[in-house]
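Please read through the structure below; I'll follow up with questions.
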Amino acid sequence: MTKDLQTKGLTRRKMLATTAGAVAASSMLGAPLYGAGKKKLRYIAFINRNTVWGKPYDFLADEVARMSNGELEIEYAGGSDVIGGFDAPEAIANGVFDMSHSANSYFAGAMPSSISLASGNASADALKSSGVLDAYADILMQQRGVKMLGMPLSGVGYVLQVRGNPGELSYFKGKKIRSIPLYDPILEALGATPVTTSPSEAYTAMERGVVDGLGWPDIGLLDFKFYEQAKFVMLPDFYQLRTVTLINPNSFSGLPAELQTVLTEASASADAIGAKWAKEKRDAEHAEMEAAGVEFVSLSDAEGAQFRALTEEKLWDKVNSIAPEDAARLKPLYDAAASA
C-alpha cells in the first residue's frame, strides 16, 4: 500500500470493503464494474472434472464470477483427458494454460520440496500466519516458475486402502502399493514396493494384480470404485491433503489491478468453501464405503502413533535429502505452525 493511500485513510480493509460494495451496486444496476472488458483465464485440473478433484473449479469459478460481476471468467479447459496431471504444472509455467488445480507431488520433479506441503496437521490459518505458505509460494515461483494462488482443498488426511486386513504394519512387507513421491519413503520403510501410476490407471493396476493397494487422499476414493478391489482402509490417516491452485505469473500480471485483487480474494473465499466441503465429503464417503462392505481397520494405539511419527520422519528425511536448503527454510515454519 502506498503512503498516499495511507494518508487518505484508504486501508486495505477499506479498499476491499469498498470493492465489495461496488460489486453489489454494479450487480443491481447490471453495469460493468471495472470497464476493462471481459477477461478469461483457461483452467485445467490434474484429474477429470467428474471427480472430487474437479470440484474446486466450481467453487473458484463461481466466486470469481460473483465478485467480478462477470468481468472475469475462469473457463474450464479440461482435466487428465486433455493433459496428464504430472504435465499440467509445466503447461501452466509455459503459458499453454493459465491456471491449474494440482497436487503437490505432481510438480515434485521441478520443486522437490513440494511434498512438504503435506506435513503435520496444522490448519490453513496456522500455515499462513507462520509463514509456511509465503515461503512455499516463493520457492515454487523460483523453481517451477508459477504463482501459487491458493489452497483449494485441505483439512483431510491420506489413507492406505488395500486388499488384505492391515491391522498391523507388518502387513505391508513385500506388498506392491500404488504410490506417488509423497508416499514412497513411508512404503519403503514398511517394506513395501512403491509402484507409480497415474490416478486414472490405479483401478486397472489393482484389477490386474499389479498392485495390492494404494495410497490416496481420504476423499475421492469412491470416484474410482477402489472398494471393488480393496475392502480395507487402514487408520489412522496421515499427513494433510493440501492441493494448490497454480497460475501463470504473466496471466496474473496481465489482468487489470482491480481484477487481480478480485481473483486473489475470490480464491481465498473458494479455499474456505473447499476446506469445509472436503471434510463433509469425506464423512459422507466413509458411510457409503462401509455400506459397500469396506472395513476401516485401526492400528493399535502404539502402532498408530509409531506410524504417524514414521510418516513425518520419512517426509522430512526425503525433503532434507533432495532439497536441504528448502528444508532448512521450511521445517522451522512448519514446526511453528504445528505449535500455534
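Just for segment 220-240: of the residues that are within 16 Å of Asp283 (Cβ to Cβ) and at pLDDT 95 or above, which one is surrounded by the most Cβ atoms within 10 Å (Cβ to Cβ)?
Val233
If I filter segment 290-298 for residues that are part of a helix (DSSP H, G or I) and more than 30 Å from Leu330 (Cβ to Cβ), do I get at least one hit? Walk me through how you get there before you give the answer.
Our first condition is that a residue be part of a helix (DSSP H, G or I); within segment 290-298, this holds for 290-291.
Among the residues that remain, those that are also more than 30 Å from Leu330 (Cβ to Cβ) are: 290-291.
Within segment 290-298, one or more residues are part of a helix (DSSP H, G or I) and more than 30 Å from Leu330 (Cβ to Cβ).
Report yes if Ala257 is exposed (fewer than 15 other Cβ atoms within 10 Å of the Cβ) and within 22 Å of Glu168 (Cβ to Cβ), otherwise no.
Working: exposed (fewer than 15 other Cβ atoms within 10 Å of the Cβ): yes; within 22 Å of Glu168 (Cβ to Cβ): no.
So Ala257 fails the test.
Search segment 52-91 for residues being in a loop (DSSP other than H, G, I, E, B) and surrounded by fewer than 19 Cβ atoms within 10 Å (Cβ to Cβ), and hand back the single one that is farthest from the chain's Cα centre (by Cα).
Kept after step one, since they are in a loop (DSSP other than H, G, I, E, B), are these residues of segment 52-91: 68-71, 79-87.
Remaining after also requiring surrounded by fewer than 19 Cβ atoms within 10 Å (Cβ to Cβ): 70, 81-82, 84, 87.
Details: Gly70: 26, Asp81: 19, Val82: 20, Gly84: 16, Asp87: 16 Å.
Residue satisfying both the conditions and the ranking: Gly70.
Could you check Asn121 against (1) crowded, with 17+ Cβ neighbours inside 10 Å; (2) outside any helix (DSSP H, G or I) and say which number it fails?
Failing condition for Asn121: (1).
Condition check ((1) over 23 Å from Val52 (Cβ atoms); (2) at pLDDT 95 or above; (3) touching a Phe, Trp or Tyr at 6+ places or on another chain (Cβ under 7 Å)) across all residues:
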residue: Arg178; (1), (2), (3): no, yes, no
residue: Asp184; (1), (2), (3): yes, no, no
residue: Thr193; (1), (2), (3): yes, yes, no
residue: Glu201; (1), (2), (3): no, no, no
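Would you check which residues across segment 272-307 are among the charged types (D, E, K, R), more than 22 Å from Phe226 (Cβ to Cβ) and within 20 Å of the chain's Cα centre (by Cα) and list them?
Taking segment 272-307 and keeping what is among the charged types (D, E, K, R), we get 276, 279-283, 285, 288, 290, 295, 301, 303.
Still in the list and also more than 22 Å from Phe226 (Cβ to Cβ): 276, 301, 303.
Correct list: Lys276 only.
Restricting segment 241-254 to residues that are in contact with a helix residue (DSSP H, G or I) (Cβ under 8 Å, 6 or more places away or on another chain) and surrounded by fewer than 17 Cβ atoms within 10 Å (Cβ to Cβ), which is nearest to Lys147 (Cα to Cα)? Walk me through how you get there before you give the answer.
Looking only at segment 241-254, we keep the residues that are in contact with a helix residue (DSSP H, G or I) (Cβ under 8 Å, 6 or more places away or on another chain), and these are 241-249, 252-253.
Going one step further and asking which of them are surrounded by fewer than 17 Cβ atoms within 10 Å (Cβ to Cβ), we end up with 249, 253.
Working: Pro249: 6, Ser253: 10 Å.
Of everything passing the filter in segment 241-254, Pro249 is nearest to Lys147 (Cα to Cα).
Checking Trp277 against (1) under 30 Å from Leu72 (Cα atoms); (2) surrounded by fewer than 19 Cβ atoms within 10 Å (Cβ to Cβ), which test does it fail?
Every condition holds for Trp277 apart from (2).
Follow-up question, since we're still on this one. Residues Lys279, Lys314: which one is closer than 25 Å to Arg163 by Cβ, of a type outside the set (Ser, Thr, Tyr) and part of a helix (DSSP H, G or I)? First the steps, then the outcome.
On the way: Lys279 fails: closer than 25 Å to Arg163 by Cβ.
Answer to the check: Lys314.
The values are calculated or read from the model by the stated rules, or taken from the named source; none is laboratory data. Everything numeric in this text was worked out from a predicted model, so none of it was measured. Neighbour counts are summed over all protein chains in view; Cβ atoms, including those assigned to glycine, are modelled from backbone coordinates with ideal geometry.
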